[in-house]
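What follows is a set of notes on a single structure, which appears directly below.
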Amino acid sequence: MRTTIRLLLKTYRFEFIAITLACLAMAGAELYLTSRLDALALPKECQFDQNISVEQGFATQPEEPVSDPTLVDSCQEKAIAFSDSDQRSAVLMSFGAALPVLAGILIGVAVVGRELETGTASLAWTLSRSRRRWYLTRALLVGAILGGVLLLPSFTANILEHARQPLIDPGSSFNDGGIRGPVLVMLGLLTYSIGVVTGAVVGRQLPAVIITLALALLAILAFENGVSRWESTLAEWQPAASSSYSIDIVLEQDYRDRASGLIVDQGSVFNAAPQVDGGPDGAWIDAHYDSVALVVPGSRYGDVVAVETGAIGAALLVLLGLGLFVVIHRRPD
Amino acid sequence: MEALIQPSVVDGKAALQARAVAKRYRGGVRALDGIDLDIPVGSICALVGPNGAGKSTLMKAWVGFERPSSGSVAVFGINPWRNRPAALDRIGYVSQKPSLYRGLTVADHVALAGSLRSGFDPGPTRRRLDELAIPLGQDTRTLSGGQQAQVMLALALGTHAQVFVLDEPLASLDPLARREFLHVLVDAVRADGATAVLSSHVITDIEQACDRLVVLGGGRKILDVPIAEAISSHRVGTAEALPETAGAQPVGTFPGPFGERLTLWLVPPERADDPALRGATLEEVILGQLAASRSPRTPTQGQPS
Ligand SMILES: Nc1ncnc2c1ncn2[C@@H]1O[C@H](COP(=O)(O)OP(=O)(O)OP(=O)(O)O)[C@@H](O)[C@H]1O
Ligand SMILES: [Mg+2]
């Protein structure tokens, strides 16, 4: 097994070096921005409201008059610097989301596709009695190494997320939930296995790269679609004030009729309310209705990640099996 | 005529078999068209024929790379398409195209073979590479074409396979390397009681090493005889040299080295020393047979199956 691993690493050394360097660079950049954000984090006296994030802190004016009038100005200045780094972090994290996908394609199409393209499949498939063993060994080992390398940027993305929202635990927040943590690794592995199957079917690397890219985008879109449908089943009604766009998934904002307890949409409430100054009377609405939101609370983030990981894991097994079928049945050139 | 040319199936057992094998590729190319063939255990068989005759296709069918459109192939009685592991266990195959891993050294390939095939013996491989002074540490990408072919052949030797299926193993070797390789192959086959079938366009060398000749043309089997018999039963002369009634039959007419027209004759033993004809070389036997297969007239001689 040690020989197999050594030879696989050597065979794919350019891919592995490129991916590792990209992951290290990404992790390094994320850690750098983390340290910037940590240094710029608003001091205690600027955090006027503990329940809201620093970004929102910047937009929020103090409710009570602040003793030192210069404090607001200096807080705004600091918040601007913070927000600048925060925006760069957002850009970096989107690149970070593309990284596993690109890495998965790069190495996925090589696992079988390159063997077919260069004719080495014919050597390996006659030396080895079993194509199944040959395929599973390499597909699993390369996948495991890829997953291991991708763990690093997925982890630093979480750290950066925490620095961007210092008052929020990234483990119970949906903010940037799909582009950090284990989901990132799983998306990389999903793309990888699509690349493996496409490479095995097409037998040429370059066309396989293009096809895999298209298929991976479709798969990710379908996956996101499925996830958000499923997430909506977890949603519950909460007082609107206790939900936050930067933590929870807010699906709907409506009113609850205090008398009947029924949920009423905003339009109906505005129509029912007496008009004051050409608009609905806020005081009347507050007297009769509670503002509520249908949310998937951030505390469910861990559950969602677990289900996403499981779903992608199942898809990986199916794709791996599909690749095996192709490898067993195709000719080696 | 049939009696002249008989396949000699040693022990009645064939290492490689083909029964009515036809292969039609997508696009309609008929690569094999009803091949019946037995490669007896212990023989070293040369498979010759023009480009596109179907030699590689037949070999790929034996290693389970191509599935016959109809008919069946067998390796020691095992259908390689149904039971590929068992068939591959018995085969050492070298493909026509060199197929080494770019970026791996020669030594890496030996290690790879060891990890892929249980029972792979690096000894003969290393010895062969050593004889050829191919450095184990060299990246195979930088080896010459002939050296790459040598590495592939050396790897095949390490499999101690029961049957070697070698697709044009001599094509890119220099003349000395060809001779040497054939000696090594013969030794390996004799030592292990193995069998070998090799396709080749280089006739002169196979004459010494091989004991059997199979000629394919246009996907059909044209000739299948022991080499000694192929040579002894044929003679060469001009087309007019013998009247057909004399018991000899013209097989095919082909150009000689100086542009003259030569005819291959199939002669019964009693006419073997006819002064109008001279002994045929193996190359002339093949040329005559190929010419016959190409001409509209069907070959006159029997075709054992
Ligand atoms: N994968 C394929 N798809 C379509 N046609 C093919 C394929 N492989 C081979 N052929 C065709 O089948 C015929 C036999 O090919 P094959 O490679 O078996 O010939 P060969 O006898 O090995 O020739 P050569 O001496 O040139 O190696 C040729 O006409 C070839 O074009
Ligand atoms: Mg060929």
Exercise. Which condition number does B:G71 fail, the rest of (1) away from ligand 1 (no atom under 16 Å from the Cβ); (2) over 20 Å from the mean Cα position of the chain (by Cα); (3) part of a strand (DSSP E or B) being met?
Worked result: (1)
For this session: Considering each of B:G71, B:G52 in turn, give the residue that is away from ligand 2 (no atom under 16 Å from the Cβ), open to solvent by 30 Å² or more (accessible area, probe 1.4 Å), assigned by TED's automatic domain parsing to the domain that holds B:P169 and under 30 Å from B:R294 (Cβ atoms).
Result: B:G71
Exercise. Restricting attention to the range B:106-119, which residues are more than 7 Å from chain A (Cβ to nearest Cβ), out of contact with any Pro (no Cβ under 8 Å at 6 or more places or on another chain) and surrounded by 19 or more Cβ atoms within 10 Å (Cβ to Cβ)?
Worked result: B:H109
Exercise. Among B:H201, B:H183, B:H160, which is open to solvent by 20 Å² or more (accessible area, probe 1.4 Å), within 14 Å of chain A (Cβ to nearest Cβ) and outside any strand (DSSP E or B)?
Worked result: B:H160
Seminar exercise, completed: Selection from the range B:122-157 of residues open to solvent by 50 Å² or more (accessible area, probe 1.4 Å) and either within 30 Å of B:Q17 (Cβ to Cβ) or outside the structural domain of B:E180 (by TED's automatic domain parsing) (or both) yields none
Problem set entry | Residue check, A:A208 more than 14 Å from every other protein chain (Cβ to nearest Cβ), assigned to a helix (DSSP H, G or I) and closer than 29 Å to A:R88 by Cα | no
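So that you can scan it fast, the table gives a plain yes or no per residue for (1) modelled with pLDDT of 95 or more; (2) open to solvent by less than 40 Å² (accessible area, probe 1.4 Å); (3) within 14 Å of chain B (Cβ to nearest Cβ):
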position	(1), (2), (3)
A:D73	no, no, no
A:A110	yes, yes, yes
A:L116	yes, yes, yes
A:R133	no, no, yes
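So that you can scan it fast, the table gives a plain yes or no per residue for (1) open to solvent by 40 Å² or more (accessible area, probe 1.4 Å); (2) away from chain B (no Cβ under 14 Å); (3) under 12 Å from the mean Cα position of the chain (by Cα):
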site: A:W125; (1), (2), (3): no, no, no
site: A:A139; (1), (2), (3): no, yes, no
site: A:A144; (1), (2), (3): yes, yes, no
site: A:L160; (1), (2), (3): no, yes, no
site: A:P166; (1), (2), (3): yes, yes, no
site: A:G178; (1), (2), (3): no, yes, yes
site: A:V185; (1), (2), (3): no, yes, yes
For this session: Please indicate, with yes or no, whether at least one residue in the range A:206-224 is free of Cβ contacts under 8 Å to residues at least 40 places away in the same chain, acidic (D, E) and exposed (fewer than 14 other Cβ atoms within 10 Å of the Cβ).
Result: no
For this session: Please identify the pairs in which a residue from the range B:73-88 that is within 12 Å of chain A (Cβ to nearest Cβ) has its Cβ atom under 9 Å from the Cβ atom of a residue that is open to solvent by 50 Å² or more (accessible area, probe 1.4 Å) and among the aromatic types (F, W, Y), counting only partners at least 6 apart or on another chain.
Result: B:A87/B:W81
For this session: Please work out which one of (1) outside any helix (DSSP H, G or I); (2) in contact (Cβ under 8 Å) with a residue 60 or more places away in the chain; (3) more than 10 Å from chain A (Cβ to nearest Cβ) is the condition B:S56 fails and give its number.
Result: (1)
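Per-residue answers, yes or no, for (1) within 20 Å of A:G171 (Cβ to Cβ); (2) of a type in the set (A, V, I, L, M, F, W, C):
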site: A:I249; (1), (2): yes, yes
site: A:Y255; (1), (2): no, no
site: A:S268; (1), (2): no, no
site: A:V276; (1), (2): no, yes
site: A:P280; (1), (2): no, no
site: A:V296; (1), (2): yes, yes
site: A:Y301; (1), (2): yes, no
site: A:V304; (1), (2): yes, yes
site: A:G310; (1), (2): yes, no
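The values are calculated or read from the model by the stated rules, or taken from the named source; none is laboratory data. For clarity, every value in this text was computed on a predicted model and none was experimentally measured. Here Cβ is always computed from backbone atoms with ideal geometry, including for glycine, and neighbour counts include all displayed protein chains. Surface accessibility is based on the protein's heavy atoms, side chains included, excluding ligands, DNA and RNA. Shrake-Rupley method; radii C 1.70, N 1.55, O 1.52, S 1.80 Å.
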